[in-house]
Amino acid sequence: MESGRGRAEKKKKAVTVSCEDCVYYDYDEYTDDFSCQMSLDEDEAVRFLSKDTSACPYYKFYDEYKFVRKQN
């Protein structure tokens with residue numbers, strides 16, 4: 001028999017994130033390209049380069065209108 005907790009864990013869906021919406025995804029003038037500005041270890045860099053960013057531990061949503069809402 002499954003506990004209630006076991007069923008809840010199975011219902012969790014993987015959250016898909018987009019690097020373009022992340023605070024750390026920024027334009028690098030030196031390379032003339034957008035890239036992740038976090039200091040990634042080797043495994044994380046391979047995952048980033050293979051476009052498997054669905055479980056990025058550093059993802060933080062960038063809301064460019066956050067400060068505007070606070071001013072109003």
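Where a number appears in this text, it was derived from the coordinates with a stated rule and is not lab data. What you see is a predicted model, and the numbers here were worked out from it, not measured in a lab. With ideal geometry, Cβ positions are generated from the backbone for all residues, glycine too; neighbour counts draw on all protein chains shown.
Grab the Cα-Cα distance for residue 29 and residue 52, subtract it from 0.36 nm times how many residues apart they are, and report the gain in nm with one decimal.
Fully extending the segment from residue 29 to residue 52 adds 5.8 nm.
Could you pull out the GluC sites (Glu not before Pro) across segment 15-59 that fall in loop regions by DSSP (anything but H, G, I, E, B) with no more than 10 other Cβ atoms inside 10 Å?
Here the sparse-neighbourhood loop sites are 29.
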